[in-house]
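S.K.: Dropping the structure in here first, questions after.
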Amino acid sequence: MAPRDPRAWMWAEACDFLERADRLHRQFFQLESAQGRRPAWQPPVDVFETERELQILVALPGVEPDHVQVVIDGSALNVVGDRQVPLRARGAAVHRIEIPYGRFERRIELPAGRAYELDRRELAHGCLLLTLRKLG
């Protein structure tokens, strides 16, 4: 059996990696219909828990603080808002759009068995950091 050409193997691995990256991108920035309303995208989140609180980091690049609504709804946290197209981009030729625009909505299930209260909310460096205090 002849030895495999390393260039062919590396090319196949690179193509496989790009396909997996594209699937992950679509998973986190998927368009969906939000209960009959206009299309929405879902921002990625990280959730960290300490003894006293939950910290939720929501990636919202280019979103203005007054365009985000945060509501605790029973056992879930809803983050809803809108990412508008920047004024300087309006009327410009579009070569690539990878960061989604428009209405977004993310529902984050909270750990069961506890009640939470929104303690702090900070939007900096393109991320919304929410701190939920554990009650009881």
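The values are calculated or read from the model by the stated rules, or taken from the named source; none is laboratory data. Keep in mind that this is a model prediction, so the values were computed, not measured. Neighbour counts run over all protein chains shown; Cβ positions are idealised from the backbone, glycine included.
S.K.: Against the conditions (1) surrounded by 12 or more Cβ atoms within 10 Å (Cβ to Cβ); (2) at pLDDT 90 or above, where does GLN84 fall short? Just the number, please.
M.R.: Condition not satisfied by GLN84: (2).
S.K.: State whether the residues of segment 104-113 include one that is touching a Ser or Thr at 6+ places or on another chain (Cβ under 7 Å), on the phi < 0 side of the Ramachandran plot and among the small types (Gly, Ala, Ser).
M.R.: Narrowing segment 104-113 to residues touching a Ser or Thr at 6+ places or on another chain (Cβ under 7 Å): 109-110, 112.
From what is left, the residues that are on the phi < 0 side of the Ramachandran plot are 109-110, 112.
Now restrict to residues that are among the small types (Gly, Ala, Ser): 112.
Looking through segment 104-113, at least one residue is touching a Ser or Thr at 6+ places or on another chain (Cβ under 7 Å), on the phi < 0 side of the Ramachandran plot and among the small types (Gly, Ala, Ser).
S.K.: Here is a further query. Restricting attention to segment 1-46, and to residues there that are of a type in the set (Lys, Arg) and outside any helix (DSSP H, G or I), which single residue is modelled with the lowest pLDDT?
M.R.: Per the criteria, the residue is ARG37.
S.K.: What number of residues within segment 66-105 are in a strand (DSSP E or B) and closer than 21 Å to GLU117 by Cα?
M.R.: So the answer is 13.
S.K.: OK, next. I'm trying to understand the selection: among the residues of segment 86-136, which are without any contact (Cβ under 8 Å) to a residue 24 or more places away in the chain and of a type in the set (A, V, I, L, M)?
M.R.: LEU87, ALA89, ALA92, ALA93, VAL94, ILE97, ALA115, ALA124, LEU135
S.K.: Given the options GLU49, GLU98, GLU64, name the one that is at negative phi and at pLDDT 95 or above.
M.R.: GLU49
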